[in-house]
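Step one of this worksheet: look at the structure below.
The values are calculated or read from the model by the stated rules, or taken from the named source; none is laboratory data. Every value quoted in this text rests on a predicted model; they were computed, and no experiment measured them. So basically every Cβ, Gly included, is an ideal-geometry build from the backbone, and we count neighbours across all protein chains shown. To get the accessible areas, we keep the full protein, side chains included, count just its heavy atoms, and leave off ligands, DNA and RNA. Shrake-Rupley method; radii C 1.70, N 1.55, O 1.52, S 1.80 Å.
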Amino acid sequence: MKLYRLTYCSRNRIRGSAAEVETEVKKILAASRASNREAGVTGALLYNAGNFAQVLEGPLESVSRIFEKIQRDLRHSEVTVVENGVVSTRQFPDWSMAFAGESSVPATPLTIAAFDAAFGQTEGAGEQIMELLRQLVAQSDDLALIDAA
Ligand SMILES: Cc1cc2nc3c(=O)[nH]c(=O)nc-3n(C[C@H](O)[C@H](O)[C@H](O)COP(=O)(O)O)c2cc1C
């Protein structure tokens, strides 16, 4: 089976306080994990400084179908693909969708620079975003608000 990976960034359109937004994002996550697991999709989602970054990895057909739904979702906008293609291994094999939210990972110059690169379609933005997600997932125990896949 060919493994496919797609990384995108988008702007949050959920209104409300930071806490209200995070509650809504966690609802999205709970639903996502169930459907991703069924579809053989793993990945990670970062919500930071009003932006989302998400990695989806799995069979091409599953990643495409899920990403089509995500693109139509009005809870975010400016969905910008920063990297996509066939890969040999999963970066997040254990997560139906790992999550780093703003309350556990505050915005830093590094995260802001990565989002700027992504929305500006700067060369290397894909790797920058991927590196950011990898570090956040590896480092933060807090991210264990995660249910493993
Ligand atoms: C930032 C963001 C990330 C999302 N990630 C996923 C995901 O990984 N998997 C998923 O099934 N839905 C995800 N969704 C939700 C989908 O857009 C959609 O609402 C969901 O798949 C339910 O669609 P359905 O009821 O038509 O099946 C995400 C939505 C947003 C705003």
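Points to keep in mind about this one:
- Check on L45, near the ligand (Cβ under 10 Å from one of its atoms) and at pLDDT 95 or above: no
- Residues that are hydrophobic (A, V, I, L, M, F, W, C) and within 8 Å of the ligand (Cβ to nearest atom), drawn from the stretch 19-33: V25, I28, L29, A31
- Yes/no for F119 being aromatic (F, W, Y) and out of contact with any Leu (no Cβ under 9 Å at 6 or more places or on another chain): yes
- Every test in (1) more than 12 Å from the ligand (Cβ to nearest atom); (2) touching a Phe, Trp or Tyr at 6+ places or on another chain (Cβ under 8 Å); (3) modelled with pLDDT of 90 or more is passed by Q91 save one, and that test is (2).
- Selection within the stretch 48-86 - within 10 Å of the ligand (Cβ to nearest atom), more than 26 Å from E102 (Cβ to Cβ) and surrounded by fewer than 18 Cβ atoms within 10 Å (Cβ to Cβ): R65, E68
- Test: residue in the stretch 42-50 that is of a type in the set (F, W, Y) and in contact (Cβ under 8 Å) with a residue 60 or more places away in the chain: no
- Residue among V86, V63, V21, V81 that alone is touching a residue at least 12 places away in the same chain (Cβ under 8 Å), farther than 23 Å from G124 by Cα and outside any loop (DSSP other than H, G, I, E, B): V21
- Residue check for A118: surrounded by 13 or more Cβ atoms within 10 Å (Cβ to Cβ) and part of a helix (DSSP H, G or I): yes
- Of the residues making up the stretch 1-34, those that are in contact with a helix residue (DSSP H, G or I) (Cβ under 7 Å, 6 or more places away or on another chain) and either open to solvent by less than 30 Å² (accessible area, probe 1.4 Å) or of a type in the set (S, T, Y) (or both) are Y4, L6, T7, C9, N12, I14.
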